[in-house]
Each structure stands twice: as C-alpha cells, then as structure tokens.
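The values are calculated or read from the model by the stated rules, or taken from the named source; none is laboratory data. The structure presented is a predicted model; accordingly, all values stated were derived computationally and were not measured. Neighbour counts are summed over all protein chains in view; Cβ atoms, including those assigned to glycine, are modelled from backbone coordinates with ideal geometry.
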Amino acid sequence: MRIGWIGTGIMGKSMAGHLQAAGHDLFVYNRTKEKARPLLENGATWCATPSEVTFNSEIVFTMVGFPRDVEEVYLGENGILTAAGPCRVIIDMTTSRPDLARSIAEIAMSQGIASLDAPVSGGDIGAQEATLAIMVGGYKKAFDEVDHLFQIMGKTISFMGKPGAGQHTKMCNQILIAGTMIGVCESLLYASKTGLNEDAVIDIIGKGAASSWCINNLGRRIAQKNYDPGFFVEHFIKDMGIALQEAEALDLTLPGLALVHQLYIGVKAQGHGRSGTQALMLALKNLNGDF
C-alpha cells in the first residue's frame, strides 16, 4: 500500500520502519528531515508538506508531539485535510485531546475520509520491538480496513468505540502510569537509602505482586542512572494535563494524578523536560537532599 507517515521521532521512526519492512511504500514528512533519514535511505519518499503526503497516500498516519502539532498537521495551512488525493483513512497515533480527535473526525467525514484516533502504550521499546498496545477510537469499518497495519506495529490492538474513545483510553493508561511511576521511584529511593542493591531489589519485587512494566524496564534505567528518553517528561506532563482537564469536565477528582503532575513539572523546571519519565527520581532525590 501507499502509506503516509508524519512524525519520525523516538517512536514514530520505528513504527514507520516496521510498515516499510513489511513492504509498504512510505511517503514521509517530519519538521526535521534528518530524523527521517533512515527511512529515506531505505526507500521512503520525502514530502515537503503534510498535504503532499495526503496527495500521495491511501492511508496516512501521524505521530507528533502535542495537540497543537496535531491541529497544525491536520488543519493548518498545507495540512493533511487541505489536499485532495487518494487518501481514504487518516490515523492519529499521538496522545492528544479527545475533543480534537472528534473534531478531526467530523471534518474528515465531510470530505469522505474516515478518521481514527489510535494512541499507543509501550514506549520506545514497544515501538522498536513492535509490541505496542494500540487503543483505537473512530469508525469500525475503517478500523477493520487498517487493522492489519496495526498488527505490524503492535501486539495488542483494541477497538474502543466512537471518535475520541482511543484518546480517553490512553488517559486511563497515563493515569495508571503516573501512579506507578511514583511508586517505582519511591521504592528504589528507599532501597538506595537502606543500602540495598537496586538491581537485586528489582530482580525480586519485579517478579511478585509489585511487578509492572515500569519497575522492570524503567526501574532498570534508574538503577543505571540512565535518564535518556524512551518517552519525554514534557510529553508526559502534557498527557497528565489533558487527563486532569477531562476529569475536571466530568466533576471527577484525581488527587494522585494531580500530585504526580506537579512533581513532573518540578522535574521539567530542573531542566529535564527532554529526559525520560524515569527522571522523576531526580526530583524525589532533590526533595530528600540528593543523597
């Protein structure tokens, strides 16, 4: 198939690469062309604008940073929905606002194009290993048409319902991750303070009732003092902010999420906005005198 891909960052480049390796023709756009270099060297076609991607593609995927980027890529000047062409399904895999997903779906439908919101969970490792969980909102007919493409990028794919449902499901995921991350960091902070070997602690508690993806993957990075990004702190702050806004609209109080959101804002203020989410440990160390 002729597939468009917009956004070749930490996760997008791997996800697009799996589609390319499966034999699909890629038409690629990214704000920084150099980040698309591996795909281009493997035969992908560079497009100068998102609209050019649409003009050349049957299916268009996006994986960008923030809701404002999603809005610009789809609805801005030279955006995806400004071009006529063979495109029949657009799929946003960015974690973004549910209301924006609904708006894009309505506009796309008026142009005879189906829209899916399909955020993912699994981080850079899941993207690299094609084991992502993909949660999809939109129209079932469109989902059925492109499910075989999702299967190339992920291990667990679920259709969650109408437009925006994928984004709401991702908010559930991020709320859980927020609570888990503070638990991981506080656990390893305690281990370090008592003189335990952090890797040895992960070896045992990562196999019992406290087991989680975060302790077994990001916990290892913390033990190695590796704060390189698999998922940026600034993007996680954005996700938690969306969840808190949605909760407020529902008259729902989420005090745990609010606390972790504030701690991550502290991490960013310390200069770690482009570090991985495991950098929460640095803020907690700072609160404890950075022992």
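Cβ-Cβ distances below 9 Å connect the following pairs, each with a first residue in the range 246-273 that is under 24 Å from Ala101 (Cα atoms), a second residue that is part of a loop (DSSP other than H, G, I, E, B) and not hydroxyl-bearing (Ser, Thr, Tyr), and a separation of six or more residues or different chains: Glu246/Arg97; Glu246/Leu252; Ala247/Leu254. When the range 161-196 is filtered for residues that are surrounded by fewer than 23 Cβ atoms within 10 Å (Cβ to Cβ), among the basic types (Lys, Arg) and within 22 Å of Ala279 (Cβ to Cβ), only Lys193 remains. Against the definition (part of a helix (DSSP H, G or I), touching a Lys or Arg at 6+ places or on another chain (Cβ under 9 Å) and not β-branched (Val, Ile, Thr)), how does Asp239 come out, yes or no? So Asp239 passes the test. Tell me yes or no: at least one residue of the range 260-281 is at pLDDT 95 or above and farther than 25 Å from Gly65 by Cα. No, that holds for no residue.
Of note, Asp147 does not satisfy the criterion of being surrounded by 22 or more Cβ atoms within 10 Å (Cβ to Cβ), modelled with pLDDT of 95 or more and touching a strand residue (DSSP E or B) at 6+ places or on another chain (Cβ under 8 Å).
Evaluate the following for Tyr227: is it among the hydroxyl-bearing types (Ser, Thr, Tyr), touching a helix residue (DSSP H, G or I) at 6+ places or on another chain (Cβ under 6 Å), part of a helix (DSSP H, G or I) and under 27 Å from Ile10 (Cα atoms)? It is false that Tyr227 is among the hydroxyl-bearing types (Ser, Thr, Tyr), touching a helix residue (DSSP H, G or I) at 6+ places or on another chain (Cβ under 6 Å), part of a helix (DSSP H, G or I) and under 27 Å from Ile10 (Cα atoms).
Residues that are within 12 Å of Tyr29 (Cα to Cα) and without any contact (Cβ under 8 Å) to a residue 24 or more places away in the chain within the range 41-58 comprise Thr45, Trp46, Ala48, listed in sequence order.
Here the range 94-120 is the region considered, the condition is being of a type in the set (A, V, I, L, M, F, W, C) and surrounded by fewer than 20 Cβ atoms within 10 Å (Cβ to Cβ), and the residue that is farthest from Lys141 (Cα to Cα) is Ile107. Among the residues making up the range 1-43, a single one is at pLDDT 95 or above, more than 16 Å from Leu149 (Cβ to Cβ) and of a type in the set (Val, Ile, Thr): Thr8.
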